[in-house]
Protein chains: 2
Amino acid sequence: MAEPIDFWFDFSSPYGYLMSERIDDLAARFGRKVRWHPILLGVIFKAHGGAPLTLQHPARAAYALRDFERSARFMGIPYRHPTRFPLPTQNAARAYYWLHGEDCALARRFAHAVYRALFVDDRDISAPNAVLEIAANLGVDRSNLETALQSLEMKNRLKEEVDSALRIGIFGSPHVIIDGEAFFGADRLPQIERWLQTGGF
Amino acid sequence: MAEPIDFWFDFSSPYGYLMSERIDDLAARFGRKVRWHPILLGVIFKAHGGAPLTLQHPARAAYALRDFERSARFMGIPYRHPTRFPLPTQNAARAYYWLHGEDCALARRFAHAVYRALFVDDRDISAPNAVLEIAANLGVDRSNLETALQSLEMKNRLKEEVDSALRIGIFGSPHVIIDGEAFFGADRLPQIERWLQTGGF
């Protein structure tokens, strides 16, 4: 069986959210699994340049806001731009990695729930409490997760993932890597599909 | 008949070139004409932030080079990344506007020839001589065009187009504007098609 696809994203990335709603199904059509890697764009931007799209020059920021919503409609995905944006996502990312160690299918449901909480229900997902509540709704033991969020192990795990991302040249969210080929942005989904169909073009 | 679509681009923009190979045919399928507006990205970047993709951080630049070529293959358009890149395009742009005043169909053929000279034949299209030669191959009188390139009228015409672009918030190349709706990037062609089909989504 072919190697899994890698999906790198920040939980506060609108295009990461759009990708998250499509990448697993697309990969499955070609018999491929996807490894999800939440990372922290703030660290990435410090190393590789870049800034949140809505904090750029007003003309760029205005277009970005319009494009998030239009791209979501184009893809048939619900989207409401969050009141607080961008926001810190280290708690959500650490929770993801801890849950993944416990139950990888549950971690995937949690990741979808976090993204939808932010980009559909306009919830501030930055605080530990918000993350704990989202997880609890999926049946996760709240105090176990709370302990994990504070643990050095999960802090290190997230740091290692961000370091890996930096090492392989991830400079934004989302990146999808298929057999060493990098695709940046939800708008590369048609190219990803062709790549999976043909093994490269 | 519906208003023409506006296509804003710099002659040194790879994604502008990709758009230039598709936008007229796409628009024609929906009974729409396209107005082409070559502009100068250097001026645009000064006003709205931004930098040539290949002059950004190495990880971004490396991805951009790969994406130019892969996107061209994906779209079935020949592409060879130019040896000199980016490069000044004011001569090509002024020539376009002068030719457009003489014969708009000829101006369109000239614009395609300039883009293909740069992105297929790896020619340096920055110098007046290169622009004159490309035009001469299309039957344009060389000395008339040479005079026009030096004229205050054509310098002002290009300046007015760049000023218009700044005024309406054009921050990169290509931008396509359909009835007030802005689409940035060759990768927005599927959204442009849907917009033309449906009148908005």
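Quick notes on this structure:
- Within the range B:41-56, the set of residues being open to solvent by 60 Å² or more (accessible area, probe 1.4 Å), in a helix (DSSP H, G or I) and under 18 Å from A:Gly185 (Cα atoms) comprises just one member, B:Leu53.
- When B:Asp6 is tested against the conditions (1) modelled with pLDDT under 95; (2) out of contact with any helix residue (DSSP H, G or I) (no Cβ under 8 Å at 6 or more places or on another chain), the lone failure is (1).
- Per-region count, the range A:41-56, residues touching a residue at least 40 places away in the same chain (Cβ under 8 Å), within 9 Å of another protein chain (Cβ to nearest Cβ) and either on the phi < 0 side of the Ramachandran plot or over 18 Å from the mean Cα position of the chain (by Cα) (or both): 3
- Selected residue [open to solvent by 50 Å² or more (accessible area, probe 1.4 Å), at pLDDT 95 or above, under 21 Å from A:Ile134 (Cα atoms) and in contact with a Phe, Trp or Tyr (Cβ under 9 Å, 6 or more places away or on another chain)] from A:Pro78, A:Pro38: A:Pro78
- Restricting attention to the range A:1-20, the residues that are touching a Gly at 6+ places or on another chain (Cβ under 9 Å), surrounded by fewer than 21 Cβ atoms within 10 Å (Cβ to Cβ) and in contact (Cβ under 8 Å) with a residue 40 or more places away in the chain total 1.
- Among residues of the range B:101-115 that are among the small types (Gly, Ala, Ser), those with a Cβ under 8 angstrom from a residue that is open to solvent by 30 Å² or more (accessible area, probe 1.4 Å), sequence gap 6+ or separate chain, pair up as B:Ala107/B:His100; B:Ala113/B:Asn137; B:Ala113/B:Leu138.
- The range A:57-82 - residue that is in a loop (DSSP other than H, G, I, E, B) and free of Cβ contacts under 8 Å to residues at least 40 places away in the same chain and, of those, nearest to the other protein chains (Cβ to nearest Cβ): A:His57
- So A:Pro38, is it more than 14 Å from chain B (Cβ to nearest Cβ), in contact with a strand residue (DSSP E or B) (Cβ under 7 Å, 6 or more places away or on another chain) and over 19 Å from B:Tyr63 (Cβ atoms): yes
- Residue check for A:Leu158: surrounded by fewer than 13 Cβ atoms within 10 Å (Cβ to Cβ), of a type in the set (A, V, I, L, M) and within 16 Å of A:Tyr97 (Cβ to Cβ): no
The values are calculated or read from the model by the stated rules, or taken from the named source; none is laboratory data. All values reported here derive from a predicted model rather than from experimental measurement. When we count neighbours, we look across all protein chains shown, and the Cβ atoms used for this are built from the backbone with ideal geometry, even at glycine. Note: areas computed on protein heavy atoms with side chains; ligands, DNA, RNA excluded. Shrake-Rupley method; radii C 1.70, N 1.55, O 1.52, S 1.80 Å.
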